[in-house]
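Below is one structure. I have some questions about it.
The values are calculated or read from the model by the stated rules, or taken from the named source; none is laboratory data. Bear in mind that the values here come from a model prediction, so they are computed numbers and not experimental data. Every residue, glycine among them, receives a Cβ derived from its backbone with ideal geometry; neighbour counts consider all protein chains shown.
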Amino acid sequence: MQDAADKRLKIEKNLRLAISNNELSLHYQPQLSADNKIIGAEALIRWQNPELGFISPLEFIPIAEETGLIIPIGQWIIESVCQQIKVWDEQKLYIPHIAINISAKQFHQTDFVSMIVHNVFDQKVRSNRVMLEITESVFLGSLDEAIDKMHALKRSGFSFSIDDFGTGYSSLTYLKRLPFDQLKIDQSFVKGLVDNKSDAAIVKAIIAMAKSMDLKLIAEGVETDQHLAYLSELGCDEFQGYYFSKPLPVEQISEYLLAYKDSLSIPS
């Protein structure tokens, strides 16, 4: 227990300096359609510390949440994604959107709406190029606040994806009252899709529900051609996972995008 506590303190101490020391980076995992076209990518944070080495997001993100460090880290992610969108546009590697994970603490900041709107505006990036990915933890105990903020951001051109739906205390009230554009099928269901009848039934129900509500669908954790075929047969037509590509650093994802350059040119 003492070792764990000491390690946590060391991570927190180093995390406070991670941005200024340029230790954080973003990897991008492409999202593809059934006809093998890139429809977006998800930005995923990585941390390489000189003393501690690689630290998993599963380890440092909860600490960032508890300490409030997720606020400056989240702002850094937004700024970095907008800068990268501009770079890719200049290289004629147009990606319709980049998905950014938004934490509950970040979302509940009083100036969250103005912060993200001004960040995107200052970077001269159109807001519809940024998809905000949130989990149900954002709504627990503060549904009215979430409704107001999401509608304000929708009016500014942002789109929303709900992540991890069905894995916690999900309520259909969220889908009914909140202005989501996309529902992400959690990888825990996709993993057991082929061999587990319960997972298959849940995925089938999620797809049917999303389509009836005119929500776009994307499945994460697609790792095999069986996953892809099964999901396609059920009616899901957008995918993300190791079957297509693992999350890649900027240099490698840029090379990956070059293979799709003809279909990624900036629309007139």
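Given (1) without any contact (Cβ under 8 Å) to a residue 12 or more places away in the chain; (2) outside any helix (DSSP H, G or I), identify the lone condition not met by GLU233.
(2)
Restricted to the stretch 50-76, and to residues that are of a type in the set (Asp, Glu) and more than 14 Å from ASN101 (Cβ to Cβ), which residue is farthest from the chain's Cα centre (by Cα)?
Step one: of the stretch 50-76, the residues of a type in the set (Asp, Glu) are 51, 59, 65-66.
From the residues that got through so far, the ones that are more than 14 Å from ASN101 (Cβ to Cβ) too are 51, 59, 66.
Values: GLU51: 28, GLU59: 18, GLU66: 20 Å.
If we take residues in the stretch 50-76 being of a type in the set (Asp, Glu) and more than 14 Å from ASN101 (Cβ to Cβ), then GLU51 is farthest from the chain's Cα centre (by Cα).
When the stretch 80-94 is examined, which residues are found to be touching a helix residue (DSSP H, G or I) at 6+ places or on another chain (Cβ under 6 Å) and over 15 Å from LEU132 (Cβ atoms)?
Scanning the stretch 80-94 gives a single hit, LEU93.
Please find, among HIS97, HIS108, HIS118, the residue that is without any contact (Cβ under 8 Å) to a residue 24 or more places away in the chain and at negative phi. Don't jump to the end; show me each part of the working.
On the way: HIS97 fails: without any contact (Cβ under 8 Å) to a residue 24 or more places away in the chain; HIS108 fails: without any contact (Cβ under 8 Å) to a residue 24 or more places away in the chain.
Just one listed residue meets the conditions, HIS118.
For the stretch 101-125, name all the residues that are of a type in the set (A, V, I, L, M), within 16 Å of the chain's Cα centre (by Cα) and buried (at least 19 other Cβ atoms within 10 Å of the Cβ).
Narrowing the stretch 101-125 to residues of a type in the set (A, V, I, L, M): 102, 104, 113, 115-117, 120, 125.
Subset that is within 16 Å of the chain's Cα centre (by Cα): 102, 104, 116.
ILE102, ILE116 - these are the residues of the stretch 101-125 that are of a type in the set (A, V, I, L, M), within 16 Å of the chain's Cα centre (by Cα) and buried (at least 19 other Cβ atoms within 10 Å of the Cβ).
In a helix (DSSP H, G or I) and under 24 Å from ASP237 (Cα atoms) - does that describe any residue in the stretch 155-167?
no
Further, regarding this structure: With crowded, with 16+ Cβ neighbours inside 10 Å, outside any strand (DSSP E or B) and touching an Asp or Glu at 6+ places or on another chain (Cβ under 7 Å) as the only criterion, which of PHE189, PHE244 stands out?
PHE189
Sort out which residues of the stretch 1-51 are touching a residue at least 24 places away in the same chain (Cβ under 8 Å) and in a helix (DSSP H, G or I), and write them in order of number.
ARG8, LYS10, ILE11, GLU12, ASN14, LEU15
State all residues of the stretch 128-148 that are outside any loop (DSSP other than H, G, I, E, B) and either in contact (Cβ under 8 Å) with a residue 60 or more places away in the chain or surrounded by 17 or more Cβ atoms within 10 Å (Cβ to Cβ) (or both); if no residue qualifies, say none. Show your work before the answer.
Within the stretch 128-148, the first condition is being outside any loop (DSSP other than H, G, I, E, B), and the residues that meet it are 128-134, 136-138, 143-148.
Hits for the stretch 128-148 are ARG129, VAL130, MET131, LEU132, GLU133, ILE134, GLU136, VAL138, ALA146.
Would you confirm, using the coordinates I've provided, whether GLN91 is surrounded by fewer than 17 Cβ atoms within 10 Å (Cβ to Cβ), at pLDDT below 95 and not hydrophobic (A, V, I, L, M, F, W, C)?
Criteria met by GLN91.
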